[in-house]
Amino acid sequence: DGGITQSPKYLFRKEGQNVTLSCEQNLNHDAMYWYRQDPGQGLRLIYYSQIVNDFQKGDIAEGYSVSREKKESFPLTVTSAQKNPTAFYLCASRRREVLSLAQTFFGQGTRLTVV
Amino acid sequence: AQTVTQSQPEMSVQEAETVTLSCTYDTSESDYYLFWYKQPPSRQMILVIRQEAYKQQNATENRFSVNFQKAAKSFSLKISDSQLGDAAMYFCAYGADFGNEKLTFGTGTRLTIIP
């Protein structure tokens, strides 16, 4: 079945450590996105990529990094510079054609907790 | 920059009754899309309904309908015959197929269904 797979579902990190969240899609989508969700703040865009080897900062990129070496994969690294990394992280993807915004697919999310 | 505002953090409704969730947005674009997403306790994002700004007719999907007021930049969601399975967080979102091509979300409304 086609879809987006995020792993792991739950992740624990010690303070000062970097951690990488995985996002893989087999939908042949060009565009991929990372959102962060906190209680009372909705979903905020961290990074997005519209083509391989290119990505742009979203609204809250500080303390995060990404790569897009393959069309199918868009991993997110939460670095030690991120002051408050405990949150729920959602990955999304879509085609880039016009009128495709409604076909935005979301993964199941990763809950990151700093311990 | 586009903004989306949901002024009702929480709403409740009796089962089988009707409830309306509010959303306002700000944009300088003339062509764009508006969405309502549902996020149940599983945290999977589910598209409920979408509205293209160029369409005057309000979108309807079974028990879900919207009241789109373009001049007022208002986009409310009406749920008729509320069911227990409708209990979730509901997010209003804005997107355009040009420019930065991302979805901008509101802060969400938590809907509780009272049996």
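The values are calculated or read from the model by the stated rules, or taken from the named source; none is laboratory data. Computed from a prediction, not measured in an experiment: that's the story for all the values here. FYI the Cβ positions are ideal-geometry reconstructions off the backbone, even for glycines, and counts take in every protein chain you see. Side chains included, ligands, DNA and RNA excluded: accessible areas come from the protein's heavy atoms. Shrake-Rupley method; radii C 1.70, N 1.55, O 1.52, S 1.80 Å.
Among the aspartates and glutamates, which fall within straight-line cross-link reach of residue A:71, defined as a Cα-Cα distance under 14 Å, with same-chain neighbours fewer than 8 residues apart omitted?
Once the sequence-local aspartates and glutamates are set aside, what remains near residue A:71 is A:24, A:30, A:54.
Quick one: net charge around residue A:58, please, counting Lys, Arg +1 and Asp, Glu -1 for every other residue with C-beta under 11 Å from its C-beta.
Combined, the nearby Lys, Arg, Asp and Glu give +2.
Going by accessible area, probe 1.4 Å, with all protein chains left in place, what is the ranking of B:112, A:86, largest first?
B:112, A:86
Quote the relative contact order of chain B in percent (integer), defining contacts as alpha-carbon pairs under 8 Å separated by 6+ residues.
Taking the mean separation of contacting Cα pairs over the length of chain B, I get 37 percent.
Give me the mean projected area, in nm² to one decimal, of the convex hull enclosing the Cα positions of chain B.
6.8 nm²
For peptide A:37-49, what's the mean number of Cβ atoms from other chains within 10 Å of each residue's Cβ?
For peptide A:37-49, the averaged partner shielding equals 4.
Please calculate how many Å² of accessible area the range A:1-92 carries per residue, with a 1.4 Å probe and no DNA, RNA or ligand atoms counted. Can you show the working numbers first?
Numbers: 4520 Å² over 92 residues.
That works out to 49 Å² for each residue.
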